[in-house]
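Novice: Please read through the structure below; I'll follow up with questions.
The values are calculated or read from the model by the stated rules, or taken from the named source; none is laboratory data. Since the structure is predicted, the reported quantities are computational estimates derived from the model, not experimental observations. Quick reminder, even Gly has a Cβ in these numbers, built from the backbone with ideal geometry, and neighbours come from all protein chains shown. All accessible areas refer to the heavy atoms of the entire protein, side chains included, with ligands and DNA or RNA removed. Shrake-Rupley method; radii C 1.70, N 1.55, O 1.52, S 1.80 Å.
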Amino acid sequence: YIAIAPTHPLAKHAENTHPEIKAFIQDCQNIPVTEADIATMEKVGIDTGFFATHPITGEPIPIWIANFVLAHYGSGAVMAVPAHDQRDFQFAKKYHLPYKIVIQPDANTPADISKEAYTLPGILVNSMQFTGLDSKKAVQTIT
């Protein structure tokens, strides 16, 4: 999934067509905006109904508005990697969002993400032309 800030232009567009999105964005206006505060608060979000295209696989990715995305940090949008980032994992589990393993310990050992995200280095899988690359090298190659 992609998570966008409540003040992102796409969120503003979505609130004009969905009353529940407008209410969610209004609720988010009262949340703290420091990274320290966001790290400890409950992560909540709402589906925009919009999709983006995954830049590697071409698959559709749902776009959510999330209270933990800061408008002034980067572009106010975050591409989640739920199988490999604990915050993204918890959010995806909470909202039953799809995710797939793209890093595993080695070529023969699948990552166990039954209880938490796999956040260690490893080998890329399910990653099209990048499958088989060392995960650290893959970051540079994909970028």
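Novice: Using the structure shown, decide if residue 66 is of a type outside the set (Val, Ile, Thr), crowded, with 19+ Cβ neighbours inside 10 Å and within 22 Å of residue 11 (Cα to Cα). Working first, answer last.
Specialist: Numbers: of a type outside the set (Val, Ile, Thr): yes; crowded, with 19+ Cβ neighbours inside 10 Å: yes; within 22 Å of residue 11 (Cα to Cα): yes.
So residue 66 passes the test.
Novice: Counting only residues that are open to solvent by 50 Å² or more (accessible area, probe 1.4 Å) and modelled with pLDDT under 95, which one in the range 37-48 is nearest to residue 90 (Cα to Cα)? Break it down into steps so the answer makes sense when it comes.
Specialist: Looking only at the range 37-48, we keep the residues that are open to solvent by 50 Å² or more (accessible area, probe 1.4 Å), and these are 37, 39-40, 42, 47.
Imposing the further condition that a residue be modelled with pLDDT under 95 reduces the set to 37, 39-40, 42.
Numbers: 37: 17, 39: 13, 40: 13, 42: 10 Å.
Filtering first and then ranking leaves 42.
Novice: Look through the range 119-128, keep the residues that are open to solvent by 30 Å² or more (accessible area, probe 1.4 Å) and at pLDDT 95 or above, and return whichever of them is farthest from residue 80 (Cα to Cα).
Specialist: Taking the candidates together, the pick is 123.
Novice: Quick one: is residue 51 open to solvent by 60 Å² or more (accessible area, probe 1.4 Å) and of a type outside the set (Lys, Arg)?
Specialist: Working: open to solvent by 60 Å² or more (accessible area, probe 1.4 Å): yes; of a type outside the set (Lys, Arg): yes.
In short, yes.
Novice: Anything in the range 94-134 that is outside any loop (DSSP other than H, G, I, E, B) and either of a type in the set (A, V, I, L, M) or under 21 Å from residue 2 (Cβ atoms) (or both)? List them, or say none. Reasoning before the result, please.
Specialist: Start the filter on the range 94-134 by keeping residues that are outside any loop (DSSP other than H, G, I, E, B), which leaves 94-95, 103-104, 106, 109, 123-124, 128-130, 134.
The answer is 94, 95, 103, 123, 124, 128, 130.
Novice: Take residue 103 and tell me if it is in contact (Cβ under 8 Å) with a residue 12 or more places away in the chain, more than 28 Å from residue 46 (Cβ to Cβ) and either surrounded by 18 or more Cβ atoms within 10 Å (Cβ to Cβ) or not hydrophobic (A, V, I, L, M, F, W, C) (or both). Break it down stepwise before answering.
Specialist: Working: in contact (Cβ under 8 Å) with a residue 12 or more places away in the chain: yes; more than 28 Å from residue 46 (Cβ to Cβ): yes; either surrounded by 18 or more Cβ atoms within 10 Å (Cβ to Cβ) or not hydrophobic (A, V, I, L, M, F, W, C) (or both): yes.
So residue 103 fits the description; yes.
Novice: Here is a follow-up. Only residues that are more than 20 Å from residue 13 (Cβ to Cβ) and either at pLDDT 95 or above or surrounded by 19 or more Cβ atoms within 10 Å (Cβ to Cβ) (or both): list them for the range 69-80, please. Steps first, answer last, please.
Specialist: First, the residues of the range 69-80 that are more than 20 Å from residue 13 (Cβ to Cβ): 73, 80.
Correct list: 80 only.
Novice: Also: Considering only residues that are more than 23 Å from residue 7 (Cα to Cα) and either in contact (Cβ under 8 Å) with a residue 40 or more places away in the chain or open to solvent by 40 Å² or more (accessible area, probe 1.4 Å) (or both), which ones fall in the range 83-93?
Specialist: Hits for the range 83-93 are 85, 86, 93.
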